[in-house]
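Heads up: the structure comes next, in structure tokens.
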Amino acid sequence: MSKKISGAEFPLSKIFSSDFEYVIPSYQRPYAWGVEQASELFDDLVAFFRAEAEEGYFLGSIVLIKAEGSALSQVIDGQQRLTTLTILLSSMACAHGGADKEELRPYILEPGKKMEGIMPKPRLSLRERDRDFFSKYVQDLQIDSLIEIDPSSLNNESQINIRKNAEYFVGAVQETFPNSKDLEAFSHFLLTRCYLVAVSTPSQESAFRVFSVMNSRGLNLQHTDIIKADTIGKLKSEVDQEAYNKKWESMEVDLTRSGFNDLFAYIRMIYAKEKAKRSLLEEFRAYVLPYNPDAKCFIDNVLKPYADALEDIRTASYAATSHAEEINYYITWLNRIDNSDWIPPAILFLKKNRSKPKRVARFFEMLERLAAYMHICRFNVNDRIEVYAHVISDIQSDLQPDDMEALDLDEEDCEAFREALDGNIYELAPRRRNYLILRLDSFISDGAATYDPRILTIEHVLPQTVPVDSEWRDWWPDASIRKEWLHRLANLVPLNKKKNSSAQNYEFADKCRIYFAGTKSVSSYALTSQVISQQEWTPESVEKRQGMLLKVLYEGWAIDSGS
């Protein structure tokens, strides 16, 4: 009887071999990884390659529908990694004039083995709508031709992501490995010391069951449960065990099981000050518990104060006789940023300085500016963690916020921030541009406005398509000037309703009256109200507005030149 489920660890040289013929089923979502995920993968690989001479690097697992003895493998989980790794291999094959093209090509394209009945074909076949595109440019090693394509001419978001990631990898490989010998060594590492676990099952039903179990969010045993058993198990008295068990469970209830697990990851970061390389349990045992051998002290003096700080941050509910409103204002904006990398330094500072609200207020003011800078300037997770690790070190050195070099922005940082704010904001990822537009609106309204980002859309005032016989064409006759201003701050307004595509090309006065007006003709956004009060929308008025809005942001975040 054949095995129903099998799993084994394979190096990439085996993953991309004739043992596997990957096919992405049509019901799978499109390729969705962007440059942020691709750069994180590449940075992690390079860092490990440089730090470890012999250890293997684990890339995760993939779930396949694959009959025993057959190469055909329908990918149920792992599409994003397999596709991204193929783009990376293709970019490496094209580097340095294609010096290693023939060596790397077989890991991208099955060359075929006539005597074994193996036909030439790609190692990976994407969904049908992207299959030919991926084969033509990535798997046929036409990366340069791919990068030359204007993204706006591509058919869908998946193809845009493939092109962007190829462009990123080409630049990153060239910059990181300017010498072909160094790239050859990295290629050897990638193929022989980087591993994926392939879990195979012959039926769709069992494959989805495996996928569900592997990604379960149920109440299965978590690493925090094991740490709890280890910690409370050290207490000799049953009375103490019962008392501290109640304390532990109370914190878990307050933060929720998921939030409590996050707390342990944040504490690990405070002690390790680097990105996790192993499981939370392994790293907590390595970095945290050796410094906290006494179970009572660990729970009372470490876990409970950090849990209280995290609860204040999650709910923006810091309480004090002064500065509390200001502190919670900054915490609220930090919580709108789409990563939690800032939380470890935040809970550390709050734990150490809870009774000093003026100092806490200054810290969160500076932390919000730093987090916003990295958010808008598109720092990847590795760069963010490195910055926050330095902030943690400064806090542990008992420095005042204004003396924390890592928390501050120097003139070079401020210049990069200003340049990003004056760029094509609409082309930022939605989470970044929405955050920026709302933050700008809050500066204009002096923080008085409240927002529900779930119904937020960003609209162009000057439309993206200008009708020929329109007032827009009279005001903006030069297409190059329209293109220069279309996606910048001055031409963007927030709406608290869904976009209406039929209204986007209204004349300016009609757009303000019908489309931009909120309930009872009053917009809930200060930015939009400003536009409604305008009589015209010309290049001169938009340029003047741009200067005004940038001034508001520069002053709000204290990034004026020379400030």
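The values are calculated or read from the model by the stated rules, or taken from the named source; none is laboratory data. Not measured: the values here are computed from a predicted model. We place every Cβ from the backbone using ideal geometry, glycine too, and count neighbours over all the protein chains shown. Only protein heavy atoms, including side chains, enter the accessible area calculation; ligands, DNA and RNA are left aside. Shrake-Rupley method; radii C 1.70, N 1.55, O 1.52, S 1.80 Å.
Within the stretch 292-319, the set of residues being open to solvent by 40 Å² or more (accessible area, probe 1.4 Å) and outside any helix (DSSP H, G or I) comprises Pro293, Asp294, Ser317, Ala319. Quick check: anything in the stretch 234-254 open to solvent by less than 70 Å² (accessible area, probe 1.4 Å), over 27 Å from Glu386 (Cβ atoms) and assigned to a loop (DSSP other than H, G, I, E, B)? Among the residues of the stretch 234-254, at least one is open to solvent by less than 70 Å² (accessible area, probe 1.4 Å), over 27 Å from Glu386 (Cβ atoms) and assigned to a loop (DSSP other than H, G, I, E, B), which makes the answer yes.
What do you reckon, is Val381 closer than 13 Å to Ile337 by Cβ, among the β-branched types (Val, Ile, Thr), out of contact with any Phe, Trp or Tyr (no Cβ under 7 Å at 6 or more places or on another chain) and open to solvent by 10 Å² or more (accessible area, probe 1.4 Å)? So Val381 fits the description; yes. Taking the criterion of being modelled with pLDDT of 85 or more, under 24 Å from Pro202 (Cα atoms) and not aromatic (Phe, Trp, Tyr), the residues of the stretch 9-42 that qualify are Glu9, Pro11, Leu12, Ser13, Lys14, Ile15, Ser17, Ser18, Asp19, Glu21, Val23, Ile24. Residues of the stretch 335-346 include at least one that is free of Cβ contacts under 8 Å to residues at least 40 places away in the same chain, open to solvent by 60 Å² or more (accessible area, probe 1.4 Å) and more than 30 Å from Val542 (Cβ to Cβ). Scanning the stretch 351-374 for residues that are open to solvent by 10 Å² or more (accessible area, probe 1.4 Å), in a loop (DSSP other than H, G, I, E, B) and closer than 20 Å to Leu440 by Cα turns up nothing.
For the stretch 516-536, the count of residues that are assigned to a helix (DSSP H, G or I), open to solvent by 10 Å² or more (accessible area, probe 1.4 Å), at pLDDT 75 or above and among the β-branched types (Val, Ile, Thr) is nonzero. For the stretch 119-168, the tally of residues that are farther than 19 Å from Phe42 by Cβ and outside any helix (DSSP H, G or I) stands at 15.
For every residue, the table says whether it meets (1) closer than 26 Å to Ala416 by Cα; (2) in contact (Cβ under 8 Å) with a residue 60 or more places away in the chain; (3) basic (Lys, Arg).
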site: Leu350; (1), (2), (3): no, no, no
site: Arg362; (1), (2), (3): yes, no, yes
site: Ala389; (1), (2), (3): yes, yes, no
site: Ser393; (1), (2), (3): yes, yes, no
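Pairs are defined by a Cβ separation below 7 Å, a sequence spacing of at least 6 or placement on different chains, a first member in the stretch 396-425 that is open to solvent by less than 20 Å² (accessible area, probe 1.4 Å), and a second member that is assigned to a loop (DSSP other than H, G, I, E, B) and not aliphatic (A, V, I, L, M); the pairs so defined are Phe417/Cys377; Ile425/His487; Ile425/Arg488. Could you say whether any residue in the stretch 215-224 is modelled with pLDDT under 85, within 27 Å of Gly34 (Cα to Cα), open to solvent by 60 Å² or more (accessible area, probe 1.4 Å) and among the aliphatic types (A, V, I, L, M)? Checked against the condition, which is being modelled with pLDDT under 85, within 27 Å of Gly34 (Cα to Cα), open to solvent by 60 Å² or more (accessible area, probe 1.4 Å) and among the aliphatic types (A, V, I, L, M), the stretch 215-224 yields no hits at all.
Of the set (1) closer than 26 Å to Asp43 by Cα; (2) under 21 Å from the mean Cα position of the chain (by Cα); (3) part of a helix (DSSP H, G or I), all apply to Ser393 but (2).
The number of residues in the stretch 387-416 that are of a type in the set (Phe, Trp, Tyr) and over 30 Å from Ile267 (Cα atoms) comes to 0.
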